[in-house]
Amino acid sequence: MKKYIIKTLAVTLFCVSLISCNDSLDINQNPNEATGAVITPDLMLPSIYANLAEDIEDYNEYGSLMVGYMFPGDGISGFGDLYSYNFTSSTYTANWNNCFAHLRDIQAVIEAAEADGKYAAFGAAAHVARVYTYQLLVDEYGDVPYSEGVLGAENITPAYDDDAEVYQALINELDVAIAGFRSASADANSLKFTSATDPVFGGNVTKWIQFSNNLKLRLLVRAAGTEIDGTVQSAFNSFSSEGFLKENAGINPGYNASNKQNPFYTDYHSNTAGSRASYASYYLPTTYLMTFYQTTVLSGDTTENMYEYLEGKLTDDRRGALLYRDYPTTPNFQLGNETNARPHTPSYVWLESVLKGRNQDFVAFYAFELYFLLAEAAATGHELDGDWKSNYLKGIEESFRYLETNISGSLIGGANPADDVEEYISNNQNSPLVNPEKATTKDQIIEAIITQMYIASNVINGHEGWSNFRRTTYPKIDNVGRLPNKTFVSYMTASPRSDQLSIRLVYPQTYERGLNPNTPDVGDAFSTPIFWDKKD
């Protein structure tokens, strides 16, 4: 499992304080001591979003393993709890611990901005980071300390807030952020973003507001039909006039090839010294996933000629070839199947379409997700920006576009995403999972939208694929016989649930269950679903 070393803000502050030293300092003043006058919100924001990128990547890896995007290849140990889904308070603890370490830094920026109004824009951006972080936490843990979560020594045993109520608070917090961006823009005395202090949009406040609308839409679509549906339905009418961000929201606090690169590239390719990343030798696509690219899937270890041909669902050779080395014979198998046909992992299974370069942006919100969310909203009565069909097709197009765009932002030679969509539909013209003309019922429409979101999110947006599956049960799986082309469920699952899966993570023992008596009594990963998990 991935273990990140928590990067404390102290390191960042130490570095900044060194830069700020000058000859006028009093001889009794420690030049290495960071002070509020030196460490201001504008200097802290790049570090906050660098940390957010690493938190998202933690959840992306976990979600990708859970929803069948990948599994550990032959000879990889240490994944016993994943094979069984019998998660404990020691499983994926970094996902919780790192988020709360970073939330303290976020809170420091918010408080500094409240104390000095000239930092309003930076406080608003910190609110956006807090919303994103708390949604990651709620979507995997349910109830979390929100109202008292980052009070530090003031309250070391914070209360846990109800997960649905936290979602309501996050919706409202995005409205607070949008108001902060607007007030900062209108105030001549407010410190403005620059390309150096804004690691996401390089100073474009309108895009920050649009990004906030995107996050709000994600919250609303996920929470629709739940116990807070009244709030949700009302909030669908409260998006700001700036509209939605129809491009990838990429974090880049100065990624480079010498000392700090994109965390996804670090995990799945190599470090800055060129040494192969462990995950480049760990993970392979599952057979179930490959059925969305190939109508006939070659499953097993082709190097030992131990394979079988299995029935697939769709034909999508273009994206298959963009994603995988040696496609269509890329080794694939099923999580938990320990037979001798289990394949080894070749280095760098995923190609340049997602591993674009060491200094590539880390995408916090993909354009394809925005369009699929708009499509689902339209299909359920909220036509915010076009009908479901136009947004659905645009979502597929943006999936092709992302994979066909190089690190400089240009399309690779000969690529035409719009033409790719036409060919994709033509090759699957009778499938309601692809051709919108064949999706004639509301259930078929939602299934098509979520299935296409699943395909587009492959390995790069795993946490969203996993959440959408738990929320809708799409894409469909069939666990009878546990056939690898019918289900991504582990062959060794210990889940007592009808779907044979887990539904959540368990609160960490070290910092929560062992120290805070307010921690909910959740002892396993099979009960106590997240409030929006409507399938059971």
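Here are a few things to note about the model shown:
- Pairwise Cα separations in segment 383-444 fall into 10 Å bins from 0 onward with the following percentages, short to long: 21, 44, 27, 8, 0.
- J(HN,Hα) series, segment 287-292, from Karplus relation 6.51 cos²θ - 1.76 cosθ + 1.60, nearest Hz, glycine and proline x: 4, 4, 4, 5, 5, 8
- Of all DSSP beta bridges confined to the chain, the antiparallel ones make up roughly 95%.
- Net charge of Cβ neighbours under 13 Å - reference Leu323; Lys, Arg +1; Asp, Glu -1: -1
- Percent of C-alpha pairs per 5 Å bin in segment 304-349, short distances first: 5, 17, 26, 26, 20, 7, 0.
- Filter on Lys389/Lys486; Lys216/Lys389; Lys260/Lys486; Lys192/Lys216; Lys216/Lys486; Lys216/Lys394 - keep pairs with C-alpha separation over 30 Å: Lys260/Lys486; Lys216/Lys486
- Radius of gyration and Dmax over the Cα atoms of segment 412-536, both given in Å: 18.9, 60
- D_trans [Stokes-Einstein, Kirkwood Rh over alpha-carbon pairs] for segment 106-240, 37 °C, 0.692 mPa s, µm² s⁻¹: 211 µm²/s
- Note, ³J(HN,Hα) from phi for segment 157-172, Karplus 6.51, -1.76, 1.60, rounded to Hz, x at Gly and Pro: 10, x, 6, 9, 8, 4, 4, 5, 5, 5, 4, 4, 5, 5, 4, 5
- Note: relative contact order over segment 276-430, using C-alpha pairs below 8 Å and six or more positions apart, is 20 percent.
- The residues of segment 205-245 present an accessible area of 31 Å² per residue when probed at 1.4 Å with all protein chains retained.
- Given in Å, the Rg to one decimal and the Dmax to the nearest whole number for the Cα atoms of segment 59-179 are 17.2, 56.
- Phe71 long-range amide H proximity, modeled H, under 5 Å: Leu284, Thr286
- Exposure rank, largest accessible area first [Glu369, Glu148, Glu227; 1.4 Å]: Glu227, Glu148, Glu369
- Compactness of segment 82-127 as Cα Rg over 2.2 N^0.38 Å, two decimals: 1.76
- With all protein chains in place and a 1.4 Å probe, the accessible surface of the chain carries 48 percent carbon and sulfur.
- Average projection area in nm² (convex hull over Cα atoms of segment 469-536, one quarter of hull surface): 5.5 nm²
- Tensor-based shape of segment 349-393 (alpha-carbon gyration tensor, a/c under 1.5 rounded, otherwise prolate or oblate): prolate
- Based on C-alpha pairs under 8 angstrom that are at least 6 apart in sequence, the chain has a relative contact order of 20 percent.
- Compared with the rule-of-thumb size 2.2 N^0.38 Å for a compact globular protein, segment 175-252 has a Cα radius of gyration ratio of 1.24.
- Overall form of segment 317-393 per C-alpha gyration tensor (a/c, 1.5; a/b vs b/c): prolate
- Derived scalar couplings ³J(HN,Hα) [segment 140-155; Karplus, 6.51 cos²θ - 1.76 cosθ + 1.60; whole Hz; x for Gly, Pro]: 10, 10, x, 4, 9, x, 10, 5, 10, x, 10, 8, x, 5, 5, 7
- Restricting the calculation to Cα atoms, every distinct pair contributes to the Kirkwood radius of the chain, found to be 24.1 Å.
- Diffusion constant of segment 411-473 at 20 °C, which comes from Stokes-Einstein with the Kirkwood Cα-pair radius and 1.002 mPa s, µm²/s: 166 µm²/s
- Radius, Kirkwood style, for segment 221-334 when every pair of distinct Cα atoms is counted (Å): 18.3 Å
- Protein-only accessible surface order, largest first, of Ser431, Ser238 at 1.4 Å: Ser238, Ser431
- Within segment 260-306, the proportion of Cα pairs with more than 15 Å between them is 59 percent.
- The residues of segment 321-361 expose on average 38 square angstrom of accessible surface per residue, using a 1.4 Å probe on protein heavy atoms.
The values are calculated or read from the model by the stated rules, or taken from the named source; none is laboratory data. A quick note: this is a predicted structure, and the numbers were derived from the prediction, not measured. For neighbour counting, all protein chains shown are included, and Cβ atoms are generated from backbone atoms with ideal geometry for every residue, glycine included. For the accessible areas, the whole protein counts, side chains as well, though only heavy atoms, and no ligand, DNA or RNA atoms are used. Shrake-Rupley method; radii C 1.70, N 1.55, O 1.52, S 1.80 Å.
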